[in-house]
Amino acid sequence: MKYFTSSLVMSLLALGSMTGISQTHAQTVSSTQQQKQVPGYYQHQFGNLQVTALLDGTNYLNRSQFKSAADQEVSEILQKYYADQAKGIQTSVNAFLVNTGSQLYLVDSGAASCFGDHLGSIYNNLKASGHQPEQVNGVFLTHLHPDHVCGISNNGVANYPNAALHIAKTEYDFWLNPNTVKKLPKDKQAGFLGTVEKIKAALAPYEKAKQIKVFSDKSLAFGGIEFKPSFGHTPGHYSFKLKHEQQELVFIGDIVHSHTIQFDKPETAIEFDIDPKAAVATRLKHFAEYAKDGQTIAAAHLPFPGIGHIYSKDGKSYQWIPVHFTD
Ligand SMILES: [Zn+2]
């Protein structure tokens, strides 16, 4: 060991003199502050389809927003994952671009400015990935929460002027029917109406241009993309599925918000679930299916790029297996 250490030092000294590095000439770094990362896009080949994950930004959740997991258990899970809790429980906001060879589709669109300036990078990351917003033919929205829909527009102007918006009828009606708010408990009404305002503003240029295509339970496919019901988080929440030969890739939307707590304890609901019971039932059913059949998963709120697989050893708890970086 001693020999190894001293020979390593010798090698480094030799390398230093070869490359002209010496203590006197070495440049010092100016700051230890974290620098901005490279643009957030990651390309994943799926058969003859190219899927590009786009990062909107990093978001932090409060642990009290996770429901029905015991506090001690949550602490143990977060410790196991070395989850930095200083700012809260980290999640990512992702969207996905699908290039079919002839069509360009976007699945979800990020939060734009609806949640502050830590999010809202999808539009620029899409351009950084070598695509142009005008090339997007369709936007498929898993649901209408602002972190999925706000990114379609900027101050009343469509970000994707040539795209049709695909939204489930149930989802569209839930948010835009003026009667919905009357059925909610009083303490939820103001928050609901605030969300509706954001949704309406995002949809407005597409409404005006008649570019919204509402799909019903009877027409569950469009252009090679199948629509898979995954209700609970919102009443009209859908996942979207691509097929290549025997393989499937599923854009799961918001059936899960944390790669830590909700994988170890999948029965844990989150505050934003409109029907927590149904959301948990959907997660349990779909996780079991994905762990058994091995679909590739693309998720809106798992660590960027949010592409990977779901594994289970015992059918009760799960593990997120992210894709390995491929250049
Ligand atoms: Zn979301």
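The values are calculated or read from the model by the stated rules, or taken from the named source; none is laboratory data. Note that the structure is predicted; figures quoted are calculated from it, not measured. So basically every Cβ, Gly included, is an ideal-geometry build from the backbone, and we count neighbours across all protein chains shown. Ligands, DNA and RNA are excluded from the accessible area calculation, which covers all protein heavy atoms including side chains. Shrake-Rupley method; radii C 1.70, N 1.55, O 1.52, S 1.80 Å.
Things to note:
- The criterion of at least 3 residues that are within 14 Å of the ligand (Cβ to nearest atom) is met by the following strands (runs of 3 or more DSSP E) wholly inside segment 43-154: 49-61, 89-99.
- Count - residues of segment 245-257 that are at pLDDT below 95 and either surrounded by 23 or more Cβ atoms within 10 Å (Cβ to Cβ) or among the hydroxyl-bearing types (Ser, Thr, Tyr) (or both): 0
- In segment 247-261 there is at least one residue matching the filter, namely being under 25 Å from GLN319 (Cβ atoms) and in a helix (DSSP H, G or I).
- Test: residue in segment 274-286 that is in contact (Cβ under 8 Å) with a residue 24 or more places away in the chain, closer than 13 Å to GLY232 by Cβ and in a loop (DSSP other than H, G, I, E, B): yes
- VAL250 being in contact with a strand residue (DSSP E or B) (Cβ under 9 Å, 6 or more places away or on another chain) and within 15 Å of the ligand (Cβ to nearest atom): no
- In this structure, ASP273 does satisfy being within 14 Å of the ligand (Cβ to nearest atom) and of a type in the set (Asp, Glu).
- Checklist (1) farther than 30 Å from HIS257 by Cβ; (2) open to solvent by 80 Å² or more (accessible area, probe 1.4 Å); (3) modelled with pLDDT under 80 applied to GLY16, failing item: (2)
- Residue in segment 36-65 that is surrounded by the most Cβ atoms within 10 Å (Cβ to Cβ), counting only those that are of a type in the set (A, V, I, L, M) and more than 15 Å from PRO305 (Cβ to Cβ): LEU61
- In the condition set (1) within 20 Å of ALA209 (Cβ to Cβ); (2) surrounded by 24 or more Cβ atoms within 10 Å (Cβ to Cβ), VAL157 is compliant with all but (2).
- Of the set (1) outside any helix (DSSP H, G or I); (2) more than 16 Å from the ligand (Cβ to nearest atom); (3) surrounded by 20 or more Cβ atoms within 10 Å (Cβ to Cβ), all apply to HIS309 but (3).
- Pick from segment 85-105, criterion open to solvent by 70 Å² or more (accessible area, probe 1.4 Å) and modelled with pLDDT of 90 or more, ranking: nearest to HIS143 (Cα to Cα): GLN90
- Test for VAL136: is it more than 19 Å from PHE240 (Cβ to Cβ) and either modelled with pLDDT of 95 or more or touching a strand residue (DSSP E or B) at 6+ places or on another chain (Cβ under 6 Å) (or both): no
- Only residues that are in a strand (DSSP E or B) and either in contact with a helix residue (DSSP H, G or I) (Cβ under 9 Å, 6 or more places away or on another chain) or open to solvent by 70 Å² or more (accessible area, probe 1.4 Å) (or both) were counted across segment 192-244, and they come to 10.
- Residue-level check: of (1) over 25 Å from GLY191 (Cα atoms); (2) within 13 Å of the ligand (Cβ to nearest atom), SER258 misses just (1).
- Counted residues, segment 172-191 - those being of a type in the set (S, T, N, Q) and not in a helix (DSSP H, G or I): 2
- Among the residues making up segment 283-304, those that are open to solvent by 20 Å² or more (accessible area, probe 1.4 Å) and within 16 Å of the ligand (Cβ to nearest atom) are PRO303, PHE304.
- Subset of segment 66-84 [loosely packed, with under 15 Cβ neighbours inside 10 Å and not aromatic (Phe, Trp, Tyr)]: LYS67, SER68, ALA70, ASP71, GLN72, GLU73, SER75, GLU76, GLN79, LYS80, ASP84
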